[in-house]
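The values are calculated or read from the model by the stated rules, or taken from the named source; none is laboratory data. This is a predicted model, so every value here is computed, not measured. Here the Cβ positions follow ideal geometry from the backbone for every residue, glycine too, while neighbour counts run over all protein chains shown.
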Amino acid sequence: MIPDLKPSYILHHNFRLPMGFPPKNFDSALNYKAQKGDTFIVTYPKCGTTWVQNILWMLSHQGQPFPVGKQINREVPHLEEFGADFVKSSPQPRFIKTHFPYDLTPHHPEAKYIYIARNPFDCVVSFYYHTQGFIKHYNFSEGTFDSFFECFMKGEVDWGDYFAHLLSWIDRKDEENILFLTYESIQEDTRSAVIKIADFIGPDYRKIIEREQTLEAIIYHASFSQMSKDQSRWSSERPDTLTPFIRKGKIGDWKCHFSADQQNRLMKKFQEKTAGTAALSLWELSLFSGL
């Protein structure tokens, strides 16, 4: 491990992108015209994106799990990675993944937006392993958690500052075309989360899960243990990865990685950045204690 090694990025208009993401696709994503019927999965990286992509796929395929030989980021396309033309060529109704903050996300009053928030402590750990594992995107396979933590604290990672992203969406969480969920609530009660998502995206999807067998199949294949098994059968999301795209998904895994100083610093920043906002009450503060 190299203590002071930092991840490598493409710096494009002062925005950090993973190496290998074409800047022209990012630019075209900014100009994508959202349409009626589009459903956006919006997250800061490593906050449940692939999880909800899989749930939406199953809801739109009668509870069938994501198939062997396909790539989830193409079937539920990542807007910034593949660009507007690729997304526009996808069949309607479209499910679209994005890591954009609110002000950069394409908006339409009849499009829908599912935002998933994950506590920053577990997010930074998962983001570290993601960044370390995707070699050609970050050149960080020898990087340490301590080094990545400092980058995260400064917002010097791809898609920018965690808190700016979260706060850009939190004040809009009660708008009619936004469904705001936490990663932790999905894990605690996946059944309720699947039902909420189905209700949100439309009555046709609610009808699908009225069949108990279909609902149970979605819940089963949306479990982390099963997704981890399933991903070993899928075609590789990235040929250069050292780690699975779906990792532990465990709440509280941060305790195995943080020093007491890191815990205190991130807690202080969390409280300062979320003061006076609904974000402060998204998680029990006891989740961030107990080192």
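What the table below lists for this structure:
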| read-out | value |
| --- | --- |
| Any helices (runs of 4 or more DSSP H) falling wholly within region 127-171 and containing at least 3 residues that are over 15 Å from Leu11 (Cα atoms) | 145-154, 162-170 |
| Subset of region 76-100 that is polar (S, T, N, Q) and more than 17 Å from Gly48 (Cβ to Cβ) - its residue that is modelled with the lowest pLDDT | Gln92 |
| Some residue of region 19-37 being in contact with a strand residue (DSSP E or B) (Cβ under 8 Å, 6 or more places away or on another chain), over 30 Å from Gly202 (Cβ atoms) and part of a loop (DSSP other than H, G, I, E, B) | yes |
| Residue within region 65-73 that is among the small types (Gly, Ala, Ser) and touching a Phe, Trp or Tyr at 6+ places or on another chain (Cβ under 7 Å) present | no |
| Residue match in region 162-171 (condition: at pLDDT 95 or above, in contact with a Pro (Cβ under 6 Å, 6 or more places away or on another chain), within 26 Å of Ser281 (Cβ to Cβ) and aromatic (Phe, Trp, Tyr)) | yes |
| Residue that is farthest from Arg206 (Cα to Cα) [pool: residues in region 172-194 that are basic (Lys, Arg) and in a loop (DSSP other than H, G, I, E, B)] | Arg172 |
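Residues are listed down the side, and each one gets a yes or a no for (1) exposed (fewer than 15 other Cβ atoms within 10 Å of the Cβ); (2) under 14 Å from the mean Cα position of the chain (by Cα); (3) closer than 16 Å to Thr274 by Cα; (4) not basic (Lys, Arg):
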residue: Thr144; (1), (2), (3), (4): no, no, no, yes
residue: Phe148; (1), (2), (3), (4): no, no, no, yes
residue: Phe152; (1), (2), (3), (4): no, no, no, yes
residue: Gly155; (1), (2), (3), (4): yes, no, yes, yes
residue: Asp174; (1), (2), (3), (4): yes, no, no, yes
residue: Asn177; (1), (2), (3), (4): no, no, no, yes
residue: Leu181; (1), (2), (3), (4): no, yes, no, yes
residue: Ala193; (1), (2), (3), (4): no, no, no, yes
